[in-house]
Amino acid sequence: MARRRHKRKSSHVVIVTSDAADASTRQFRIRMWKVRAFVILLSAALGAAAGYIIFLHDTQAQEEDDVREVQQQETIQALEEENAALQARIDELDNTVQILSNTVTQKTESESSLAQQLEQQFIPTEFPLTGAATFEEAPEGDPMCIFSAAPGAMVVATANGTVSAVNDDSEYGHNVWVDHGNGYVTIYRNQGEVKVKQGETVRQGSTLFLIDEENNRLGYQMMKDGVYIDPMEMLAISG
């Protein structure tokens with residue numbers, strides 16, 4: 001029968017000496033399987049330590065990411081709230097601006113309407129007498145309307161203005177000139193007592209003469225920029 005070979009277990013001897021005079025020598029026998037086991041255990045320990053360090057690093061990084069994400073969310077939420085507040089303020093200001101704009105528009109329109117009304121009051125379009133009257137046009141000379149009114153009527157200014165002259169009139173007794181300040185001048189001729197004086201400011205409808213049985217005729221004339229015009233054309237404008 002063949003002999004069974006026994007596997008020899010190898011080992012290593014570590015000799016430790018000292019440089020002292022009486023130094024002794026020590027020998028340590030180390031088997032290879034123990035060395036290998038030690039290397040494996042050491043590698044495993046180092047690997048576990050490295051893995052643990054990596055795990056701690058990843059965990060810390062994840063926590064930092066989570067903190068940053070929370071901070072970003074809080075920042076975004078704060079910005080959204082601030083933006084909502086600003087938008088509300090903008091809407092409020094827009095509403096205020098709209099109200100002010102409407103107010104200014106209404107005021108402008110009101111002032112424009114008032115200015116037109118005031119301007120209209122200086123344009124001689126009103127009837128120069130209170131009450132009814134008949135009229136005829138002067139047959140010759142400068143355009144003139146001759147009105148015949150009932151006693152008790154009044155000769156009135158046809159628009160706002162200033163009395164520029166009060167004169168005697170050879171045919172009608174007296175004449176009153178009213179300058180309306182816009183190129184229009186109106187002339188009123190009547191025999192009655194003059195109720196205004198030169199330089200006096202009159203308003204539309206102010207009394208210039210009183211009509212009675214002896215002076216029921218009114219000669220009414222109008223000038224525009226120094227030229228006589230037909231008064232009835234202006235009266236027709238007023239309706």
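No lab work stands behind these numbers, since they all come straight from the coordinates. In this text the structure is predicted, and so the values were computed from the model without any measurement. Glycine also receives a Cβ, built like all others from the backbone with ideal geometry; neighbour counts cover every protein chain displayed.
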*What does the helix-only formula give at 222 nm for the chain: each DSSP H stretch with n ≥ 4 adding -39500 (n - 2.57), the total divided by the residues, and the result rounded to the nearest 500 deg cm²/dmol?*
-15000 deg cm²/dmol
*Taking other Cβ within 10 Å of each residue's Cβ, how do TYR220, TYR52 sort, fewest first?*
TYR52, TYR220
_Amide H within-cut-off set for VAL156, under 5 Å, with H built and near neighbours excluded_ = LEU129, THR130, LEU208
_For ILE123, what residues show an amide H to amide H distance below 5 Å, using hydrogens built from the backbone and excluding near sequence neighbours?_
ASN160
*Please compute P(r) over all alpha-carbon pairs of the stretch 97-184, binned at 5 Å starting from zero, and give each bin as a whole-number percent.*
3, 10, 13, 18, 18, 11, 7, 6, 5, 4, 3, 2, 1, 0
*So what's the net charge close to ASN160: Lys and Arg +1, Asp and Glu -1, counting the other residues with Cβ under 13 Å from its Cβ?*
-3
*Hey, could you get me the Stokes-Einstein D for the stretch 52-99, Kirkwood radius over alpha-carbon pairs, 20 °C and 1.002 mPa s, rounded to whole µm² s⁻¹?*
158
*asked:* With Cα Rg over 2.2 N^0.38 Å as the read-out, I listed (i) 3.41; (ii) 0.92; (iii) 1.00; which label goes with the value calculated from this structure?
replied: (i)
*Would you order PHE127, PHE147 from fewest to most other beta-carbon atoms within 10 Å of each residue's own beta-carbon?*
PHE127, PHE147
*HN-Hα J couplings of the stretch 147-154 from phi, Karplus 6.51/-1.76/1.60, θ = phi - 60°, integer Hz, Gly and Pro as x?*
9, 10, 10, 7, x, x, 6, 10
*Once phi is turned into θ = phi - 60°, what whole-Hz ³J(HN,Hα) does the Karplus curve with 6.51, -1.76 and 1.60 give for every residue of the stretch 200-213, x standing for Gly and Pro?*
6, 8, 10, 10, 4, x, 5, 6, 10, 9, 10, 8, 10, 5
*What percent do you get for the relative contact order of the stretch 115-186 when only Cα pairs under 8 Å and 6+ apart count?*
30
*With everything on Cα atoms, drop me the angle between helix 32-121 and the longest principal axis of the chain, reported from 0 to 90° to the nearest 10.*
0
*Based on other C-beta atoms within 10 Å, arrange THR130, THR158, THR186 from fewest to most.*
THR130, THR186, THR158
